[in-house]
1. Return the residues of the range 215-227 that are in contact (Cβ under 8 Å) with a residue 60 or more places away in the chain and surrounded by 19 or more Cβ atoms within 10 Å (Cβ to Cβ); say none if nothing qualifies.
2. In the range 158-172, which residues are within 23 Å of G204 (Cα to Cα) and either over 22 Å from the mean Cα position of the chain (by Cα) or outside the structural domain of V128 (by TED's automatic domain parsing) (or both)?
3. Please list, ordered by residue number, the helices (runs of 4 or more DSSP H) wholly in the range 21-84 having 2 or more residues that are surrounded by fewer than 19 Cβ atoms within 10 Å (Cβ to Cβ) and under 22 Å from the mean Cα position of the chain (by Cα).
4. Exactly one condition in (1) crowded, with 18+ Cβ neighbours inside 10 Å; (2) under 30 Å from T47 (Cβ atoms) is false for D194; which is it?
5. Yes or no: P261 surrounded by fewer than 24 Cβ atoms within 10 Å (Cβ to Cβ) and free of Cβ contacts under 8 Å to residues at least 40 places away in the same chain?
6. Taking the options T176, T190, T195, T171, name whichever one is in contact with a helix residue (DSSP H, G or I) (Cβ under 9 Å, 6 or more places away or on another chain) and closer than 25 Å to E29 by Cβ.
7. Scan the range 400-409 and give yes if some residue there is of a type in the set (A, V, I, L, M), within 29 Å of S262 (Cβ to Cβ) and in contact with a helix residue (DSSP H, G or I) (Cβ under 6 Å, 6 or more places away or on another chain), otherwise no.
8. With the condition being under 30 Å from I397 (Cβ atoms), I'd like the helices (runs of 4 or more DSSP H) fully within the range 239-334 carrying at least 2 qualifying residues.
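The values are calculated or read from the model by the stated rules, or taken from the named source; none is laboratory data. Since the model is a prediction, treat every value here as computed from it, not as a measurement. Cβ placement follows ideal geometry from the backbone for every residue including glycine, while neighbour counts extend to all protein chains displayed.
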Amino acid sequence: MAEDGINSFMTGPDEAGRFGIFGGRFVSETLMPLILELEERYDFAKTDPSFWAEMDDLWKHYVGRPSPLYHAERLTAHLGGAKIYMKRDELNHTGAHKINNVLGQIILARRMGKTRIIAETGAGQHGVATATVCAKFGLKCVVYMGAHDVERQAPNVFRMKLLGAEVIPVTSGRGTLKDAMNDALRDWVTNVRDTFYCIGTVAGPHPYPAMVRDFQSIIGKEVRWQLAEQEGEGRLPDTVIAAIGGGSNAMGLFYPFLDDPSVRIIGVEAGGKGVDDRMQHCASLTGGRPGVLHGNRTYLLQDPDGQILEGFSISAGLDYPGIGPEHAWLHDTGRAEYVSITDAEALEAFQLSCRLEGIIPALEPSHALAHVMKIAPGLPKDHIIVMNMCGRGDKDIFTVAKHLGVDMKV
């Protein structure tokens, strides 16, 4: 039973856009009319059959959904415990889950008459997805990306430029995802008339956290019927696991199972160099406390004066000092568990997936896989774990090579 009078974990947020004490709308007066219009348009779209018909057609014929639910037999045998399935969203067009949400937002943007799309990106996958859909529909695309991430995600920067996007390196702060989102919000305030801000995660002011979650929930909805096909009617996962930066791939997997008490839900944050190592991590639910950032109230890494800390992770997509407000709420209510995985553990999982399953994962889902490696051996063989393989690893091979001391020059 959820808190604050909400009888189902799947009915949030409330009318004020809050999940318990988290979420809400903390934006400037300039942006408030845009936010309210977006909420109105999305509320209408949710009940509009033509909207979902367009989404379903593009998900199937453009993105390639449904993505497979894959039984990782060799990994299961190697770990010697629970049966492990991977939800293969890295096989989507553009190589990650991000396009599930981008399609929905850009269809809304077109219905609102917007001709210019801006986005923030960390690992580059949201930027690539946004640039891709903008190219398809002939829209101008501007992507803000931290200068540090531009360096470590060079393949995705080139892909965005090939797709016609303008990529703007952000040099403020440490030059990562937080700073990119700051500059994207500044752009939006300046260009309110023709611009739509396509947020890539379940953060930001209401209605973004719920809207992004709803578009990404196609992941968990597919898992429900796919697992029933493979394991028998009515069979649910015993455990679902996903990595969390802002948390969109995780909410996409978790949301359809929130009201199934038999399903254990585990989110995996970026532990960086260790959660006790001078904030050299991005585990906001472990080392943070509630505060306001990017238009919503949630758990944040901050100093005693309330200044937002930079955080650290080998993974550009998890390198964010906060978490989506619904995750904060699920944490406080106890419906979901949140753990952290270090860079070293994620690198070990990355290599194991390559060797045993022939799947090169992104560093983001490598964190989730690392936690699977921790818990699976101690679980019975009839226990089913589903982890979200939310991105492919071609974007990360240079980062991995550097950390493993491998010379990429031939």
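1. Once the filter is applied, which keeps residues that are in contact (Cβ under 8 Å) with a residue 60 or more places away in the chain and surrounded by 19 or more Cβ atoms within 10 Å (Cβ to Cβ), the range 215-227 yields F215, Q216, I218, I219, E222, V223, L227.
2. Selection gives E166, T171, S172.
3. 32-46, 49-58
4. Unmet for D194, out of (1) crowded, with 18+ Cβ neighbours inside 10 Å; (2) under 30 Å from T47 (Cβ atoms): (1).
5. So P261 fits the description; yes.
6. T195
7. No, the range 400-409 contains no residue that is of a type in the set (A, V, I, L, M), within 29 Å of S262 (Cβ to Cβ) and in contact with a helix residue (DSSP H, G or I) (Cβ under 6 Å, 6 or more places away or on another chain).
8. Correct list: 248-254, 284-287.
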